[in-house]
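Only one structure is covered here, and it is reproduced in the block below.
The values are calculated or read from the model by the stated rules, or taken from the named source; none is laboratory data. It should be emphasised that the depicted structure is a prediction, and the values quoted were computed from it without experimental measurement. Here the Cβ is made from the backbone with ideal geometry for all residues, glycine too, and neighbour counts use every protein chain on show. Calculation scope for accessible area: heavy atoms of the full protein, side chains included, ligands and nucleic acids excluded. Shrake-Rupley method; radii C 1.70, N 1.55, O 1.52, S 1.80 Å.
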Amino acid sequence: MKVDVALFAYLSDHQPDGLGGRHARAFDLADGTRVADVIADLALPDQPRIVFVNNRHAAEDSALHDGDRLAIFPPIAGG
Amino acid sequence: MRDILYVDMATLSTERKPLPEKWSRYAGRALTDAIVYDMVPPTCDPLGRGAVLVFAPGLFGGTSAPNGGRLSVGAKSPLTGGIKESNSGGQAAHALAKIGLSAVVVTGKPADPLARFMLSIEADGSVKIERVDGWAGLGNYAVADAIKALRPADDHYATITNGPAGEAGLKAAGIAISDMKGYPNRFAGRGGLGAVMGSKGLKAIVVSDKGLKGVEHADKEAFNAAMKRFAKALTDHPVSGVGLPTYGTNVLMNILNEAGGLPTKNFSSGHFDDVEGVSGEKQREVTLERGGNVKHGCHTGCVIQCSRYWVDKEGAYVTKGPEYESAWSLGTDCCISDMDTVAALDRLCGDYGLDTIEMGATLAVYMDSGKIAFGDGPAAIKALKSIFEGGEPGMVLGHGAEATGLAFGVDHIPVVKHQAMPAYEPRAVQGIGVTYATTPMGADHTAGYTITANILGVGGTVDPLKTAGQAELSKNLQIATAMLDAFGLCIFVAFPVLDIPDAFVAIYDMAAAHTGQAWDTDELMKLGREVLTFERLFNTAAGFTAADDRLPAWMKTVPLPPHNTVFEVTDAELDSVFDFVPETAKEMGLL
Ligand code: SF4
């Protein structure tokens, strides 16, 4: 299945193509892949994260589906 | 020593008196509120003779409490018609506190409306009011230069200045406070307090703290110990220790966009396709490329350091930030995705002395009238300049989003209590809608920043699209924020405080060690409730009712893409937020 993956702030350095940037890349994933599996594959730092699947907050153990958009942010805030 | 300096602009006289005992636990927002509640008739003309303008450092002003140098500015707001506390960074709060002043209270107005005055408060406590009629119409940056030319080269001072917007009595006028480099770029922006300062003929206040030491503590050792624990929490927490110092406040742009809660095109969508150009990440990259500063504090003692300077292609200073709220209002809400255009608008607002949140929302409302196109940066700059240079649309823009919407027939005006909403969409982030609707300030995100639990996962999680728990979340945050504003703490300390229990304890340990008074959790929360009680009672007496604690009706009927949701928190839930006020008022002896 295809899932669009966008990484923000300093996490964008972890995109496999090494190009950085906030634009989403299309990932080819096995059926049943969970958010946590993508996080492990990308070797994201071990810290809290803010995860969205299709613009909704999502738990890291939630399963991804074909055509999903996955967006991951490090712990951030502002105001 | 904590004194109040009274400045009467009718007689041009000043008087310094000790802080009354009844206010000995008040500072910052608590003190501006108490003084406005005490001295200002709630139904008075906010620009009239009876109006009072108060500047008060927080309880930690003049100390080394981390992030403890914020300034509260209070008055009856010409924009909302209610009580206002507008909060700013910059150097003035520390300087006032070191001189021993817990507040400067400006009353009356001069007989000659063309007269301009500068109030100088020197490090030795002496005070002078001088005429500066030649400064009429000068922008904040020119006033800062004019002041610099008058001061000794080795002076150390802060400025509080008013631009032409405040002189003209515009309801979107804010008051500029100088930062550590002396740039007049920190703002008590919201609610038109610049117009109050202008009505008093006050063009500038200079506060010199040259050679002054920090304010003394009742127990220095205990204060230092608590201060270290507090500083550790701020640097340990990933948000205040890494996220904010690296990207600044504008790191929020992408996450609100992802959540579908980023108000776009005059609050008609929660998603901006061209967000990249005004995102915090892009801002950092460009600023670094151009050699700009991407990390400093807005005042001495800030350990989080979320501030940055935007520089032009040649590397010359343009303006601060821009902060998230400004990048959103002048950028996203107007569909402008070019940060140089946003910075040009931000600089104009800063120099004129206009609130960037109000002005971005205003430009978006004006664009919605069809007079200029969404996304047209040059037209937005021309429209903003027309306030002072003439032509269309002219001065009405400076009175804010509601006045502009009414003048140009726009029926989609995002305001509460006549004040423009900031950078979070209530239809996609229900909790912030509760805060916008109910805070005595008019639509204001800082009053109860539910984005913490609604979006950022700080201090728990509350689903932003559901109504459950939003009223309670907003209420608790409004109480806690009122308390932080009284202490002069930057509200960004809330991120670690909500997650690290000892950071909260460290606040009252610092307060107790500093004042010698007893402070604990109950006392902190009581202080927060008292602040809000002053504000609610003032507004009720000024004529506000439950009908004023509502979002615009269209937010309950017009769905917002991409989630296609409306604001659904019930009126009864909104009305429950201030259920503690009658009892607190009784305890305070106000009812
Ligand atoms: S964190 Fe930012 S807003 Fe807060 S005190 Fe520091 S520089 Fe100012």
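Taking K and R as +1 and D and E as -1, what net charge do the other residues with C-beta under 12 Å from the C-beta of B:GLU425 add up to?
Working: positive: B:LYS265, B:ARG427; negative: B:ASP333.
Once all neighbours under 12 Å are counted, the net charge is +1.
Rolling a 1.4 Å probe over the protein heavy atoms leaves B:GLU472 with an accessible area of roughly 100 Å².
Distance between the modelled labels on A:ALA24 and B:ARG131, one decimal in nanometres: 6.6 nm (7 Å Cα→Cβ projection). Sequence-ordered 3J(HN,Hα) estimates for region B:84-100 from the Karplus curve with 6.51, -1.76 and 1.60 and θ = phi - 60° stand at 9, 10, 10, 10, 9, x, x, 8, 5, 4, 4, 5, 4, 5, 5, 6, x Hz, glycine and proline given as x.
Got a number for carbon plus sulfur as a percent of the protein assembly as shown's accessible area, 1.4 Å probe? Intermediate results must be reported in sequence, preceding the final value.
Numbers: 11730 of 22600 Å².
That fraction is 52 percent.
When both bridge partners sit in region B:3-208, DSSP labels roughly 75% of those beta bridges antiparallel.
With runs of 4+ DSSP H residues as the only contributors, calculate the mean residue ellipticity of the protein assembly as shown at 222 nm using -39,500 (n - 2.57) per run, divided by the residue total and rounded to the nearest 500. Result for the protein assembly as shown: -9500 deg cm²/dmol, rounded to the nearest 500. For the segment B:251-260, counting C-beta atoms of other chains within 10 Å of every residue's C-beta and taking the mean gives 6.
Select from chain B the helices, each a whole stretch of DSSP H, whose alpha-carbon atoms run 27 Å or more along the helix axis and whose Kyte-Doolittle mean is at least 1.0; answer none if there are none.
Details: long enough: B:521-541 (30 Å, -0.20).
The qualifying helices: there are none.
Once both labels are positioned 7 Å from their Cα atoms along Cα-to-Cβ, the gap between B:THR570 and B:GLU289 label points is 5.3 nm. Once you sort the root eigenvalues of the Cα gyration tensor of region A:2-73 as a ≥ b ≥ c, which label holds: rounded (a/c under 1.5), prolate (a/b larger than b/c) or oblate (the other case)? Taking the square roots of the gyration eigenvalues as a ≥ b ≥ c, region A:2-73 is rounded. Other residues lying with their Cβ under 11 Å from the Cβ of B:ASN87 contribute a combined charge of +2, Lys and Arg counting +1, Asp and Glu -1. Rolling a 1.4 Å probe over the protein chains gives B:VAL318 an accessible area of about 30 Å². Over all projection directions, the Cα-based convex hull of region B:442-522 averages an area of 5.8 nm².
With q set to 0.08 Å⁻¹, the log10 of I(q)/I(0) for region B:251-425, from the Debye formula over equal scatterers at the Cα positions, is -0.23. The relative contact order of region B:3-208 comes to 22 percent, based on Cα pairs under 8 Å that sit 6 or more residues apart. Taking label points 7 Å from Cα along the Cα-to-Cβ direction, B:THR43 and B:MET588 give a separation of 2.2 nm.
Mean projection of the Cα convex hull over all viewing directions, computed for chain B: 23.1 nm².
Considering only DSSP beta bridges where both residues belong to chain A, give the percentage that are antiparallel (nearest 5). Beta bridges within chain A, antiparallel portion: roughly 75 percent.
For region A:2-73, the solvent-accessible area works out to 48 Å² per residue, with a probe of 1.4 Å and every protein chain left in place.
Quote to one decimal, in nm, the extra length available between B:ASP520 and B:LYS556 on full extension: 0.36 nm per residue of separation minus the C-alpha distance between them. List each step's numbers first, then the result.
Numbers: separation 36, 0.36 × 36 = 12.96 nm, distance 4.07 nm.
Between B:ASP520 and B:LYS556, full extension yields an extra 8.9 nm.
Considering Cα pairs under 8 angstrom that are at least six residues apart, work out the relative contact order of region B:251-425 and quote it in whole percent. If you can, show how the numbers build up before the last one.
Working: 331 pairs, mean separation 35.3, N = 175.
Dividing the mean separation by the residue count of region B:251-425 yields 20 percent.
Can you give the local net charge around B:LEU202? Use residues other than it whose beta-carbon is closer than 11 angstrom to its beta-carbon, Lys and Arg +1, Asp and Glu -1. Walk me through the intermediate numbers first.
Values: positive: B:LYS109, B:ARG116, B:LYS200, B:LYS203; negative: B:GLU167.
So the surrounding residues net to +3.
Put B:THR159, B:THR545 in order of accessible area, highest first, and with a 1.4 Å probe you get B:THR545, B:THR159.
How would B:SER268, B:SER88, B:SER24 rank on accessible area, largest to smallest, probe 1.4 Å? Please report the intermediate quantities before stating the final value.
On the way: B:SER268 55, B:SER88 0, B:SER24 35 Å².
Largest accessible area first, the list is B:SER268, B:SER24, B:SER88.
Within chain B, antiparallel bridges make up roughly 80 percent of the DSSP beta bridges whose residues both belong there.
May I ask for the distance between the Cα centers of region B:7-44 and region B:335-354, given as a whole number of Å? Region B:7-44 and region B:335-354 have Cα centres spaced 35 Å from each other. Distances between every pair of Cα atoms in the protein assembly as shown, grouped in 10 Å steps from 0 to the bin holding the largest one, split as 3, 17, 28, 28, 17, 6, 1, 0 percent.
What separates the Cα centres of region B:381-442 and region B:144-222 is a distance of 26 Å.
With the Cα gyration tensor of region B:433-591 giving a ≥ b ≥ c as the square roots of its eigenvalues, does the rule (a/c under 1.5 for rounded; else a/b larger than b/c for prolate; else oblate) give rounded, prolate or oblate? Since a/c reaches 1.5 but b/c is at least a/b, the shape of region B:433-591 is classed as oblate.
Under 8 Å for C-alpha pairs, at least 6 residues apart: give me the relative contact order for region A:2-73, rounded to a whole percent.
On the way: 122 pairs, mean separation 31.4, N = 72.
After rounding, I find 44 percent.
Extension gain for the segment B:THR461 to B:GLU122, taken as residue separation times 0.36 nm less the Cα-Cα distance, is 117.2 nm to one decimal.
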